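The values are calculated or read from the model by the stated rules, or taken from the named source; none is laboratory data. It should be emphasised that the depicted structure is a prediction, and the values quoted were computed from it without experimental measurement. Note that each Cβ is placed from the backbone with ideal geometry, even for glycine, and that neighbours are counted across all protein chains shown.
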Amino acid sequence: MPDTALRADTRWRAQERLVLPPLIRDWLADPGSLTARLRRHGPFRVAPRHGAIERPTLEEQAQLGRIGRRYALIREVTLYVHEQPVVEARSVLPLASLANANRSLGHMGSRSLGSELYRRPLAHRDQVWVRFGLSPSGQGPCWGRQSRFVKRGRPLLVAEHFLPALWELIRD
């Protein structure tokens, strides 16, 4: 049975198990590039907040499978449109996933990860989880989605938290 409660939660849930308002579902279930979609609303930029080699959380390890139990590049950024913070994102890139042809993913700087993942059709999203909770910086509660991508056979996670300013931006 679908979960319709809008309570703040720290756990990610399978997207299909939640009944979501249409506008929220439209953004959370969009299979395309979030970067491209945000760029349609105005000047866009990425501001890196954190980047380090760390162990993924236990939940991230489970979502990544066996490869997730090792160290990963953890990258946190804020996405801005019209200089307003609209999305906070956290990427978990297992070091084994950054080998060979995927090496460029470890050197994104102020570029969006989506610009690389969607540039060539070599990555696909194979799982999506959603939640209504706090963003990595403690904003919220807000809607978020976490996607597992597979690029050249290697998994990585991308969590995106849609901040209140996004809904104001698209409403205008």
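Can you tell me which residues in segment 126-166 are charged (D, E, K, R), under 23 Å from His82 (Cβ atoms) and at pLDDT below 90? Write out each step before concluding.
From segment 126-166, those charged (D, E, K, R) are 126, 131, 145, 148, 151-152, 154, 160; that's our starting set.
In the following step, the residues that additionally are under 23 Å from His82 (Cβ atoms) were identified as 145, 160.
Matches in segment 126-166: none.
How about segment 47-76: which of its residues are out of contact with any helix residue (DSSP H, G or I) (no Cβ under 8 Å at 6 or more places or on another chain) and either acidic (Asp, Glu) or assigned to a strand (DSSP E or B) (or both)?
Selection gives Ala47, Pro48, Arg49, His50, Gly51, Ala52, Glu54, Glu59, Ile74, Glu76.
For every residue, the table says whether it meets (1) within 18 Å of the chain's Cα centre (by Cα); (2) at pLDDT 90 or above; (3) surrounded by fewer than 14 Cβ atoms within 10 Å (Cβ to Cβ).
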| position | (1), (2), (3) |
| --- | --- |
| Arg17 | no, no, yes |
| Asp30 | yes, yes, yes |
| Leu34 | yes, yes, no |
| Pro43 | no, yes, yes |
| Ala47 | yes, yes, yes |
| Gln63 | yes, yes, no |
| Gly68 | yes, no, no |
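With the structure loaded, tell me whether Arg55 is under 17 Å from Glu160 (Cβ atoms), charged (D, E, K, R) and over 15 Å from the mean Cα position of the chain (by Cα) or whether it fails that test. So that I can check it myself, show each step before the final result.
On the way: under 17 Å from Glu160 (Cβ atoms): no; charged (D, E, K, R): yes; over 15 Å from the mean Cα position of the chain (by Cα): yes.
Criteria not met by Arg55.
Report the residue count in segment 112-134 for those that are farther than 21 Å from Pro43 by Cβ and in contact (Cβ under 8 Å) with a residue 60 or more places away in the chain.
10
Only one of (1) surrounded by fewer than 17 Cβ atoms within 10 Å (Cβ to Cβ); (2) at pLDDT below 85; (3) out of contact with any strand residue (DSSP E or B) (no Cβ under 6 Å at 6 or more places or on another chain) fails for Leu98. Which number is that?
Status for Leu98: all satisfied but (1).
Taking Leu117 as meeting all but one of (1) touching a Phe, Trp or Tyr at 6+ places or on another chain (Cβ under 9 Å); (2) of a type in the set (A, V, I, L, M); (3) modelled with pLDDT of 85 or more, write down the number of the exception.
It fails just one condition, (3).
Please enumerate the residues belonging to segment 107-126 that are farther than 24 Å from Ile53 by Cβ and part of a strand (DSSP E or B).
His124, Arg125, Asp126, listed by residue number.
Within segment 114-134, track down each residue that is within 14 Å of Leu79 (Cα to Cα) and touching a Gly at 6+ places or on another chain (Cβ under 7 Å).
none
Kindly establish whether Pro31 is out of contact with any Cys (no Cβ under 7 Å at 6 or more places or on another chain), farther than 24 Å from Gly138 by Cβ and not in a helix (DSSP H, G or I).
Taking the combined requirement at face value, the residue satisfies it.
Only one of Arg90, Arg39 is of a type outside the set (Gly, Ala, Ser), over 22 Å from Arg131 (Cα atoms), surrounded by 13 or more Cβ atoms within 10 Å (Cβ to Cβ) and at pLDDT 90 or above. Can you tell me which?
Step by step, each of Arg90, Arg39 is checked, and only Arg39 is of a type outside the set (Gly, Ala, Ser), over 22 Å from Arg131 (Cα atoms), surrounded by 13 or more Cβ atoms within 10 Å (Cβ to Cβ) and at pLDDT 90 or above.
Test each condition in (1) modelled with pLDDT under 90; (2) within 13 Å of the chain's Cα centre (by Cα) for Leu105 and report the one that comes out false.
Unmet condition: (2).
Residues in segment 141-172 that are buried (at least 17 other Cβ atoms within 10 Å of the Cβ), assigned to a loop (DSSP other than H, G, I, E, B) and more than 16 Å from the chain's Cα centre (by Cα): how many?
Residues in segment 141-172 being buried (at least 17 other Cβ atoms within 10 Å of the Cβ), assigned to a loop (DSSP other than H, G, I, E, B) and more than 16 Å from the chain's Cα centre (by Cα): 0 in total.
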